[in-house]
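Colleague: My questions all concern the structure below.
The values are calculated or read from the model by the stated rules, or taken from the named source; none is laboratory data. Keep in mind that what you see is a predicted model, and the values were worked out from it rather than measured. All Cβ positions, glycine included, derive from the backbone under ideal geometry; neighbour counts span all protein chains shown.
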Amino acid sequence: MKRRYKAGRFFYASLAAVTAVTAAAPMTVNASTSTANFDMRKKVVDLLGILSVTDYSGQVTRSEFAKMLVNASSYRENLPVSSVSVFADVPMNHENAVYIRIAASQGWMSGFLGGMFKPDDYITYKDASKAFLTMLGYADSDFTGDLASSRISKFNYLELNEKVSRQPDEVLTQTDCVNIFYNLLKAKKKDSNEIYGAVLGCELNSDGEINPITILDDERKGPILVRKGFSVSESVPFSTENANVFLNGVASSLEAVNQSQRECGFAVIYYNVKSKTIWAYTTSGWDDEDGVGNYILVKGEVKNIYYKSTDVITPTSIELEVDLNDSSDSELIDGDGTITIALNSSQLQYLFSIYGSVQVGDEVVVVCQGSSGSNSYTAVDAIEY
């Protein structure tokens with residue numbers, strides 16, 4: 001007899017969670033942008049810590065754009081402390097002061113007469129074009145005639161305007177910024193065959209698109225088990241002051257992660273140093289939706305390790321006695337509180353083998369991937385508790 005529990009959603013572990021087509025994109029997305037393509041673009045700029053979309057049609061301020069520019073550069077890894085006011089209308093305690101200072105000092109953005117930056121004004125297509133071309137290595141001397149028109153012509157020639165249709169003085173939305181920053185990553189630097197995105201560890205697929213999976217595989221570190229009483233901030237090798245934080249696959253805050261960690265007794269985290277991103281997972285606050293891509297986080301005692309009759313060296317699955325208070329609910333947990341989880345990866349098979357460090361009787365936290373319709377779960381990661 002199975003007891004039915006709600007399955008939790010674990011975002012990171014699956015390729016499908018990164019590239020799958022989700023709900024239809026809002027109407028503000030350009031009609032020529034397919035949902036799948038835009039979702040992939042959004043995921044790339046999100047994973048890199050450049051921009052997390054909160055409002056597809058929301059207009060972007062100049063101070064917000066300055067932050068995006070810095071997050072799309074190598075300067076993000078060593079942000080200086082802003083101790084002076086560079087512009088009269090940007091005090092040193094402004095939330096984006098350090099980003100504005102860097103963007104201005106690098107020539108990506110310019111101020112106005114009277115020493116003003118106008119941080120709350122919206123960024124225009126014309127000013128964004130200038131910023132991106134400067135980041136690619138172009139200077140004023142590379143253009144003739146009207147600089148603004150010449151820059152936009154070059155911007156369009158380099159296909160930095162792909163999926164974007166704006167006039168020079170029109171302001172940009174978050175959707176526009178997703179597209180142009182993604183285009184920047186694909187663009188080649190001036191007099192170089194290297195794409196700009198290489199500075200952030202990006203590479204192109206054979207179809208000429210940025211591969212979000214390589215971003216995760218190459219830069220993601222973890223999993224790390226952070227027990228109750230221990231600090232998530234101190235578990236990552238970078239300052240979390242301006243970090244991008246996700247809790248159970250949803251954009252969140254460090255405060256929310258700490259609260260969920262306290263309530264659940266532990267958290268499992270992954271991190272990316274370059275993008276200053278933390279992905280935290282606990283056993284509460286999961287997405288209530290069911291369907292393909294559901295995952296559970298399970299803490300329990302290893303009761304059995306199973307092998308094929310023809311291979312007594314390589315384990316194929318484990319049985320855990322689950323503490324339901326410390327696990328994401330799952331319909332596959334038996335009435336006696338046990339769950340069987342398949343082992344498919346060589347790393348996990350070794351961990352639970354006679355040569356590995358986990359034995360029957362040990363407590364572990366296992367991240368599992370559900371297989372829709374097959375009534376089974378497969379381990380993605382496991383950590384000794």
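Rundown of residues vs (1) among the small types (Gly, Ala, Ser); (2) crowded, with 18+ Cβ neighbours inside 10 Å; (3) modelled with pLDDT of 90 or more, yes/no style:
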position	(1), (2), (3)
333	no, yes, no
341	no, yes, yes
358	no, yes, yes
379	yes, yes, yes
384	no, no, yes
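Colleague: Can you work out which of the residues in region 44-63 that are within 29 Å of residue 113 (Cα to Cα) and out of contact with any Leu (no Cβ under 9 Å at 6 or more places or on another chain) is surrounded by the fewest Cβ atoms within 10 Å (Cβ to Cβ)?
Modeller: So, considering only residues that are within 29 Å of residue 113 (Cα to Cα) and out of contact with any Leu (no Cβ under 9 Å at 6 or more places or on another chain), the one surrounded by the fewest Cβ atoms within 10 Å (Cβ to Cβ) is 58.
Colleague: Look at residue 129 and say whether it is free of Cβ contacts under 8 Å to residues at least 60 places away in the same chain, closer than 25 Å to residue 200 by Cβ and outside any helix (DSSP H, G or I).
Modeller: no
Colleague: Among the numbered criteria (1) of a type outside the set (Ser, Thr, Tyr); (2) in contact (Cβ under 8 Å) with a residue 24 or more places away in the chain; (3) surrounded by fewer than 18 Cβ atoms within 10 Å (Cβ to Cβ), which single criterion is violated by residue 139?
Modeller: (2)
Colleague: Report whether or not residue 86 is surrounded by 22 or more Cβ atoms within 10 Å (Cβ to Cβ) and outside the structural domain of residue 246 (by TED's automatic domain parsing).
Modeller: Answer is no for this residue.
Colleague: For region 163-214, which positions are without any contact (Cβ under 8 Å) to a residue 40 or more places away in the chain, assigned to a loop (DSSP other than H, G, I, E, B) and within 18 Å of residue 47 (Cβ to Cβ)?
Modeller: 203, 205, 211
Colleague: Where the second residue is surrounded by 22 or more Cβ atoms within 10 Å (Cβ to Cβ) and polar (S, T, N, Q) and the first is without any contact (Cβ under 8 Å) to a residue 60 or more places away in the chain and lies in region 258-276, which pairs have Cβ atoms under 7 Å and are six or more apart or on separate chains?
Modeller: Sorted first by the residue in region 258-276, then by its partner, the pairs are 260/282; 261/282; 267/261; 267/282; 271/277.
Colleague: Still on this structure: Checking the conditions here, which among 205, 248, 258, 242 is out of contact with any Lys or Arg (no Cβ under 6 Å at 6 or more places or on another chain), under 30 Å from residue 189 (Cα atoms) and not assigned by TED's automatic domain parsing to the domain that holds residue 75?
Modeller: Testing whether each residue is out of contact with any Lys or Arg (no Cβ under 6 Å at 6 or more places or on another chain), under 30 Å from residue 189 (Cα atoms) and not assigned by TED's automatic domain parsing to the domain that holds residue 75 leaves just 242.
Colleague: Could you grab me the full set of residues in region 68-113 that are of a type in the set (Lys, Arg) and touching a residue at least 24 places away in the same chain (Cβ under 8 Å)?
Modeller: 76 - this is the single residue of region 68-113 that is of a type in the set (Lys, Arg) and touching a residue at least 24 places away in the same chain (Cβ under 8 Å).
Colleague: Mind telling me which of the residues 101, 9, 41, 76 ends up being in the same structural domain as residue 196 (by TED's automatic domain parsing), surrounded by 21 or more Cβ atoms within 10 Å (Cβ to Cβ), outside any strand (DSSP E or B) and at pLDDT below 90?
Modeller: Every option except 76 fails the conditions.
Colleague: Assess whether residue 302 counts as being touching a Gly at 6+ places or on another chain (Cβ under 7 Å) and either under 30 Å from residue 214 (Cα atoms) or at pLDDT 70 or above (or both).
Modeller: Details: touching a Gly at 6+ places or on another chain (Cβ under 7 Å): yes; either under 30 Å from residue 214 (Cα atoms) or at pLDDT 70 or above (or both): yes.
Yes: the conditions hold for residue 302.
Colleague: Still on this model: Among the numbered criteria (1) touching a helix residue (DSSP H, G or I) at 6+ places or on another chain (Cβ under 9 Å); (2) aliphatic (A, V, I, L, M); (3) within 25 Å of residue 90 (Cβ to Cβ), which one does residue 116 miss?
Modeller: All conditions pass for residue 116, except number (1).
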